[in-house]
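Read-outs: derived from the displayed coordinates by stated rules, not from any lab. For clarity, every value in this text was computed on a predicted model and none was experimentally measured. When we count neighbours, we look across all protein chains shown, and the Cβ atoms used for this are built from the backbone with ideal geometry, even at glycine.
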Amino acid sequence: MSEPASPLVPREGWHVMHLFYHVDHGQWQLLDDTERREAKTRFTELVQEIRTTPDTQLLTFAVATPKADLGFMLLTPDLQIANAFEKRLTLSLGADVLTPSYSYLSQTERSEYTTTSEQYAGETLKGEQGLKEGSAEFDAALKEFDERMEHYLQHRLYPDLPDWPVICFYPMSKRRQGEDNWYALDYDERRRLMKGHATTGRKYSGRILQLITGSTGLDDAEWGVTLLAKDTIDIKAIVYEMRFDPVSVRYGEFGDFYIGMQMPLDELFRRLCL
């Protein structure tokens, strides 16, 4: 018996796969009633198996337009396990019933522009608020900041995604053309621009949950953006407002947008006409 493949787990964070499929109803119609029931049972059991795998999440959703019919967002540490689950999901309803239409591979990651404890102490507490280092007020504020940032980093690297009904995914990169070359800017300028970008995003706290995953060297773009919401108008609003941010105006390049709706599996089967 051959040995299993060695795990491929990053030093920090998880692998993330966004998977999109078309349903071939012609192939589905070739199955008899028993085969269809068995296929849906097999699909359901596989989804349950994935969701009970340690440190693993699977979001399932119907795609709102003919770009695709069915979508998955799979988060798990080991790329070997992610790959195995992806192959099984593709075949879960029977050979050729699900046809891949688009996929995207990325990893959860920390942002290089996240404010550090030292930056917050110097720029905000001493520079903006005029607090004296070592004072009780300074120490309390710095402790609160450190705790808040630890929670933020935990969410970035090891997110716990809610079952909010609306999911939006799109890939994006930073422009590298002429005067609009993001990577030709020095770090302090990039950090200043990203700080403004983050300020816009925080206005949608409680309405939008955003997860940005890194894909440089892993897929065609540089980041994958996943937005979860309870109302499509909030998706529309945040993307529109971000368009006016200098980071997007000069340096943002975006791929196709996919909008889906999370729902229980029985409803998902009905939505897909299975």
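Summary of values
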read-out: Net dipole in debye of the chain [+1 Lys, Arg Cβ; -1 Asp, Glu Cβ; about Cα centre; nearest 20]; value: 560 debye
read-out: On Cα atoms only, tilt of 33-51 relative to the major axis of the chain in degrees; value: 20 degrees
read-out: Highest average packing first - 169-177, 124-132, Cβ atoms within 10 Å; value: 169-177, 124-132
read-out: Of M263, M17, M149, the one that fluctuates the most in a GNM where the chain has Cα springs shorter than 10 Å; value: M149
read-out: Karplus-derived HN-Hα couplings along segment 53-60 (A = 6.51, B = -1.76, C = 1.60, θ = phi - 60°), whole Hz, x at Gly and Pro; value: 6, x, 6, 10, 10, 9, 9, 10
read-out: Intensity falloff of the chain expressed as log10 I(q)/I(0), Debye formula with alpha-carbon point scatterers, at q = 0.11, 0.12, 0.14 Å⁻¹; value: -0.73, -0.84, -1.07
read-out: Lysine pairs meeting the criterion (Cα under 27 Å, 8 or more apart or interchain), as found in the chain; value: 21
read-out: The chain: angle of helix 187-202 to the longest principal axis, Cα-based, in degrees nearest 10; value: 60 degrees
read-out: Among 243-251, 133-141, 74-82, 3-11, the order from most to least packed when residues are scored by Cβ within 10 Å on average; value: 74-82, 243-251, 133-141, 3-11
read-out: M149-M263 FRET efficiency (beta carbon distance; Förster radius 30 Å; 0.05 resolution); value: 0.30
read-out: Label point 7 Å beyond Cα of Q210 along Cβ direction - residues of segment 115-142 with amide nitrogen under 19 Å; value: 115-116
read-out: In degrees, nearest ten, helix 79-91 long axis to first principal axis of the chain (Cα); value: 40 degrees
read-out: Where only C-alpha atoms are counted, convex hull volume of segment 195-252 per residue in Å³; value: 90 Å³
read-out: Ellipticity estimate at 222 nm from DSSP helix runs (n ≥ 4, -39,500 (n - 2.57)) divided over the chain, nearest 500; value: -11500 deg cm²/dmol
read-out: Binned Cα-Cα distances of segment 55-188, short to long, each 10 Å bin given as a whole percent; value: 9, 25, 25, 22, 13, 5, 1
read-out: Sparse-neighbourhood loop sites, GluC sites (Glu not before Pro) in segment 168-256 - DSSP loop, at most 11 other Cβ within 10 angstrom; value: E179
